[in-house]
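K.L.:
I have a structure I would like to understand better, so I am pasting it below and will then ask my questions one at a time.
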Amino acid sequence: MKTKIKSLFLLHLIALFVFPQVLTATIINVPDEQSSIQAGINAASNGDTILVQLNNYQWQRLG
């Protein structure tokens with residue numbers, strides 16, 4: 001039993017170092033937290049999720 005607990009602890013410890021972005025990832029809600037999809041993209045960091053609510057959005061063609 002002790003070996004199983006040690007193995008699980010070691011596995012969790014390794015996962016914390018291999019996948020650190022999981023600990024800092026956030027969900028950015030558009031339009032609740034950010035006013036536009038582009039603002040949500042600009043506010044996002046690596047590992048974040050942008051959740052776009054059902055709405056009518058205006059778009060512009062760039063270029």
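Quick note: the coordinates plus some simple rules give every number you see, no bench work behind them. No experiment lies behind these values; they were computed from the predicted model shown. Ideal geometry is used to build each Cβ from the backbone, glycine not excepted, and the neighbour counts take in all protein chains shown.
K.L.:
Give the peptides 42-54, 25-37 in descending order of average Cβ contacts within 10 Å, highest first.
P.N.:
With the highest mean Cβ count within 10 Å placed first, the list reads 25-37, 42-54.
K.L.:
Take Thr3 and Ala15, extend 7 Å from each Cα along the Cα→Cβ direction, and tell me the distance between the two endpoints in nm.
P.N.:
With each label point 7 Å from Cα toward Cβ, the separation is 2.2 nm.
K.L.:
Ala39 versus Gln60, label points 7 Å from Cα toward the beta carbon: distance in nm?
P.N.:
A separation of 1.5 nm, rounded to one decimal place.
K.L.:
Provide Rg over Rh for the chain; use the alpha carbon set for both Rg and the Kirkwood Rh (inverse mean inverse pair distance).
P.N.:
Answer for the chain: 1.30.
K.L.:
Now for a different question. Using Cα pairs under 8 angstrom and six or more residues apart, how large is the relative contact order of the chain, in percent?
P.N.:
Computed over the chain, the figure is 29 percent.
K.L.:
List the chymotrypsin sites (Phe, Trp or Tyr not before Pro) within the chain that DSSP assigns to loop and that have no more than 12 neighbouring Cβ atoms inside 10 Å.
P.N.:
Tyr57, Trp59
K.L.:
From the phi angles alone, apply the Karplus equation (6.51, -1.76, 1.60; θ = phi - 60°) to the range 24-32 and give each ³J(HN,Hα) in whole Hz, x where the residue is Gly or Pro.
P.N.:
10, 5, 10, 9, 9, 8, 10, x, 5
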